Amino acid sequence: MLNPGEEVTFGRGAENHPVDFPLAHPEVSRLAGAVTAVHDFWMLTNFSHDSTLVVENPEGGGEYVKVAPGRAAAPIPFEFARVVLPVAVGECSFLVFASQHRFVDRARPHHGEPTLSMFSLDESAKYFLVLVALCEPKLRDCASTVIPTVPQILDRIGGADLTRSGVNFHIDYLARTKLRVKPDGETRKADWQRASLVSIALRFDLVREEHLKLLDG
């Protein structure tokens, strides 16, 4: 446990230059980086000359931060994170548990007309269940690039009241009416709606890890 302002170094280490957190991998620098504690976030320093460090949010929807070689004290916004070091053989990573974030008091009185919601989603509706199924692979593994197909969604949540045409209807409804996605010009035509829905839903936390329990309900 680190107090604000304290720092730990990590890397392969050397006999005459030990590190606080050794990583026994031959492709890791002797002094790869350092983690510095702040009050409600943390910072990462990359001592490498040519290797980028990647910080993943295991609880998010594919969120990550890259820390370039030589970057000092890069602020990391994740309370729980995985620091990944690039290696050609095997994997090399470690977890960081940071202090909880502070939030404003949302109980303060508001005046005037209420603000309209940008994305109005009914979490009890069938279309939301389809959206959760679309996001499931990336919620379970932030590094996943899998976008479930319509048959895969049907296998995951299908029942007597849901058909393949029904899944297509819900995807189209989400894309046109609820999230209002548009083609990006790069994704294949058959995939763009599903890929865009996943991107927006996870980017704005419309679907979160807690929603996965709906798939098993």
Taking only the range 13-30 into account, find how many residues are in contact with a Lys or Arg (Cβ under 9 Å, 6 or more places away or on another chain) and either crowded, with 18+ Cβ neighbours inside 10 Å or part of a strand (DSSP E or B) (or both).
8
Suppose we filter the range 92-124 for residues that are open to solvent by less than 80 Å² (accessible area, probe 1.4 Å), closer than 26 Å to LEU179 by Cβ and at pLDDT 90 or above; how many remain?
2
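For the range 55-81: of the residues being assigned to a loop (DSSP other than H, G, I, E, B) and of a type in the set (Asp, Glu), which is most open to solvent (accessible area, probe 1.4 Å)?
GLU59
Given the condition at pLDDT below 90, open to solvent by 60 Å² or more (accessible area, probe 1.4 Å) and hydrophobic (A, V, I, L, M, F, W, C), answer yes or no: does some residue in the range 33-51 qualify?
Among the residues of the range 33-51, at least one is at pLDDT below 90, open to solvent by 60 Å² or more (accessible area, probe 1.4 Å) and hydrophobic (A, V, I, L, M, F, W, C), which makes the answer yes.
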Just checking, which of ASP20, ASP40, ASP50 is within 28 Å of LEU206 (Cβ to Cβ) and among the acidic types (Asp, Glu)?
ASP40
List the pairs whose first member sits in the range 38-55 and is closer than 14 Å to VAL19 by Cβ and among the aromatic types (Phe, Trp, Tyr), whose second member is open to solvent by 40 Å² or more (accessible area, probe 1.4 Å) and not in a strand (DSSP E or B), and whose Cβ atoms are under 7 Å apart, counting only residues at least 6 apart or on separate chains?
PHE47/SER29; PHE47/LEU31
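The values are calculated or read from the model by the stated rules, or taken from the named source; none is laboratory data. Remember, predicted model here, so these are calculated numbers, not experimental data. No Cβ is skipped: glycine too gets one built from the backbone with ideal geometry, and neighbour counts run over all protein chains shown. Heavy atoms of the whole protein, side chains included, go into the accessibility calculation; ligands, DNA and RNA do not. Shrake-Rupley method; radii C 1.70, N 1.55, O 1.52, S 1.80 Å.
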